[in-house]
Amino acid sequence: MSFRSIGSSVGTSAALFALAFAIPAAALAGSPGYVDGSFVSDYAREDGTFVEVHLDEQLIELLAGPASTYDEAAGEIAAGLESVRAMVVELREGAGEEVLDEVRGLQARLVSDGWQNVARVRDGSDHVFVMLKSEGQDLVGVTVLVVNESELVFTNVAGRIDLDQLARLAESYEIPGLDALPRSE
Amino acid sequence: MRARASWAPWRGPRNPALLAAPLLALVTLTSCVGFSGPRGLERAFSEIDGAKVERVVGLSVSGGLVDRALRLAGNETGMKFEAGNVDRVQLGVYQLVSGGNAPLLDELQVDGLVPFVKVRDGCEEVRIFAGHSGGRLESLAIVVHDGADLVAMRISGDLGPLAAEAMSAALRRHAPRARHPTRLAKR
């Protein structure tokens, strides 16, 4: 294994980790904004790239404090979040359409569960899906899926979420998927 | 005529500091450096089914030495690390004696540590684990496997500030280069 490839892998994971700790994460299946993304790994190419960041609630709390000393917005956002999961996988050969069907199925299930489709973008082979879950006035879940012929990105953030702050943070840090979030301004 | 022997008993250096310095260095280094592998990880490696790993190198460095290194690194990179937060850094390099090139780390479970980053690229794998207790991030472990060798590092101490600074810097440095499908969609 070359140091460059390790560096690249660690670099990607560091970016996702940093996201996860700028925007904390946890695996709370009971949380209304939580979406199980385990299906993503079913479509991963065996010898391809697979990156997953998944922090539990305690880790979020542990990281939110120190993170806020370096990035105030990150600390504020972290305080309200219950869970973050981000996955980037290189798809196995010819799985693009199959994944798209799976994503559409997930989208339908989420809509029937009270989620809203707020954005769907198609540009060539790239498909972007943005879904939000609200409870009263509060936004409690964000799920972003990006699919193209070779790659699938899944990001789920659960908890009390300020979408503007999240979008700003995503823009600052160029977090995979979350740059597709709508902003109120 | 017989030559006079020029040998005479060595009475030590004229300047005592010349002797004291290496002795001090020896005492310091032996108390700061050990040769054990990362705690807990070796046992976890031994419990992976169908794989046998042997340690090639083990190194354990105390926090004091790490602090000095971090300060040096901080001076070079402009990052500020809080001295005294790291208690110990342990590093191990292992050779995979049997087990092939298949992904190895999927079933790796380490007592007291939770995996939160998983990276796989072909037969190369990276895992990052975190351990916490009493509301503090106390341990971070990184394991890298390339199909033939394993490299493991475990950092222990009060790691919250260190992790925050390191990850913040890593994010700013690496994130702009990350591949970004959504950027295509925005064009």
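Read the figures in this text as sums done on the coordinates, not as results from a lab. All values derive from a computational prediction rather than experimental measurement. Positions of Cβ are generated from backbone atoms using ideal geometry, with glycine treated the same way; all protein chains shown enter the neighbour counts.
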Could you compute the FRET efficiency for A:Val111 and A:Gln165, with r as their C-beta to C-beta distance and R0 at 35 Å, rounded to 0.05?
-> 0.85
In nm, spacing of pseudo-spin labels at A:Val118 and B:Leu59 (7 Å Cα→C-beta vector) = 4.8
Across peptide B:109-120, what mean number of C-beta atoms from other chains lies inside 10 Å of a residue's C-beta?
-> 6
For segment A:141-159, list residues with backbone N below 18 Å from a point placed 7 Å from the Cα of A:Glu135 toward its Cβ?
-> A:141-143, A:156-159
Compute the distance in nm between two label points, each set 7 Å from the Cα along the Cα-to-Cβ direction, one at B:Leu72 and one at B:Ser36.
-> 2.5
